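The values are calculated or read from the model by the stated rules, or taken from the named source; none is laboratory data. These numbers were taken from a predicted model, which means no experiment stands behind them. No Cβ is skipped: glycine too gets one built from the backbone with ideal geometry, and neighbour counts run over all protein chains shown. With ligands, DNA and RNA removed, areas are computed over all heavy atoms of the protein, side chains included. Shrake-Rupley method; radii C 1.70, N 1.55, O 1.52, S 1.80 Å.
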Amino acid sequence: MFNLAALLDSAANYLPDHHLGLSNHLPMGLIALWRLGAGEDRLHAWYDEHTSELKPAGPPSQVFSAQDVPGYLGCQSAYPEYRDFYLAAIKTESPADILHRYLPLLLPGLSAGSLHGLIRLAYGLKAQSNSEIAAALAYWSSHYQFLGVLDEAGDLSPADCLRGLAADSNICLPQGKRLIGSGMVMAAALPGLREQASKLASGEAVLGQIAELVLELYANSRDFTVLHMLTACHALRVLQPYLDDSERALRFYWLAACTAYVEAGKPVHEPVTLLADKHSWEEIIARVILRRDVHQIKLVYSCQQESLYYGKPLYQQVAAQVLGW
């Protein structure tokens, strides 16, 4: 009988990034494929293919206590210590208890690993894997990246906030190759960005408005950074039951999203025309399961899940188009 948990337990023993800071997508790919219905052979093949390019994390050099958790935030070499600490804590209590306790501490560093700490955690929760939840929290903690704090809520929609960023010629980055996370840090330091992002209105409907906005941004731009804005927005929705202050979490995500938007070159936001010809989700999933591009797999998974939640047909169209239809 196939056991996804065993693969994820093993995957947690690898470093969370590789190749000059690129994120380790082994567990995210496994979980997205599994959630999309991939079979045992495909999942084992994925595991074997991706472990070949990863390095083991190694054992911890010390045993963390709860008092150590805040002091090592952003210390990338502390991944093994954080991983073992969170796993032991989850086994003693429960994933929900640990998330309610530590997410308030981690939220200001939500952009950790170019948003992959957040995304890995959401995937781990869907897989109900204690080892992957612990690994995701460890990734988030050891790669904690603080971008700042937004002021009190304003009265602008997400789209109007981005229009303000797009219109300000001083809020831009020089062209050049860099990691998404590095560009987000640079963007966060630009005068005016935080003030504009702070104008976002509050309310229960805002997360859905942001989800629709980043979907349309990706449909128009096909930008790699915007893709991460979309998958992270999906991840934030998954975390909602574990957030004691969802408004605070949303605003930290929004600040990260605004910096990612600037890092992406401030792509144009326009309404997207729905096409008459549609490929079914069954066709889309059957095609993506065979793909090697983990970002296509993650995008299709997020689109499918957000489509089920929000009921917007554009998710299906975007998922089909990213696969070449």
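Hey, with R₀ at 30 Å, roughly what FRET efficiency would Ser10 and Ala167 work out to, going by the Cβ-Cβ distance, to 0.05?
0.05
With all protein chains present, how much of the accessible area of the chain (probe radius 1.4 Å) comes from carbon and sulfur, to the nearest whole percent?
On the way: 7090 of 13730 Å².
On the chain, the fraction of accessible area on carbon and sulfur atoms equals 52 percent.
Counting only heavy atoms of protein chains, what accessible area per residue, in Å², does region 50-100 have with a probe of 1.4 Å?
Working: 2670 Å² over 51 residues.
The answer is 52 Å² per residue.
Pull out the extension gain between Asp48 and Asp244, defined as 0.36 nm times the separation in residues minus the alpha carbon to alpha carbon distance; nm, one decimal.
66.7 nm
Helix-only estimate, please: 222 nm mean residue ellipticity of the chain, summing -39500 (n - 2.57) across DSSP H runs of length 4 or more and dividing by its residues, to the nearest 500. The partial results should precede the final answer.
On the way: 16 runs with 189 residues, N = 325.
When only DSSP H runs of four or more count, the value is -18000 deg cm²/dmol.
Put a dot 7 Å past each Cα toward the Cβ at Leu290 and Arg178; how far apart are the dots in nm?
For Arg178 paired with Leu290, the spin-label model returns 4.0 nm.
Could you let me know the centre-to-centre spacing of region 140-161 and region 34-70, using Cα atoms, in angstrom?
Region 140-161 and region 34-70 have Cα centres separated by 29 Å.
Provide the per residue accessible area, probe 1.4 Å, for region 238-325, rounded to a whole number of square angstrom.
With the other protein chains kept in place, region 238-325 gives 45 Å² per residue.
At a 10 angstrom cut-off on C-beta neighbours, averaged per residue, how do the peptides 217-228, 95-106, 150-161, 57-68 rank from highest to lowest? Write down the numbers at each step before the final one.
Working: 217-228: 20.8, 95-106: 17.3, 150-161: 15.6, 57-68: 12.2.
The densest-packed peptide leads the list: 217-228, 95-106, 150-161, 57-68.
Sorting check: for 259-268, 83-92, 296-305, which peptide has the highest mean count of neighbouring beta carbons within 10 Å, and how do the rest follow?
Taking the mean over residues of other Cβ atoms within 10 Å, the ranking is 296-305, 259-268, 83-92.
Could you pull out the GluC sites (Glu not before Pro) across region 71-133 that fall in loop regions by DSSP (anything but H, G, I, E, B) with no more than 14 other Cβ atoms inside 10 Å?
Sites meeting the loop and neighbour criteria: Glu93.
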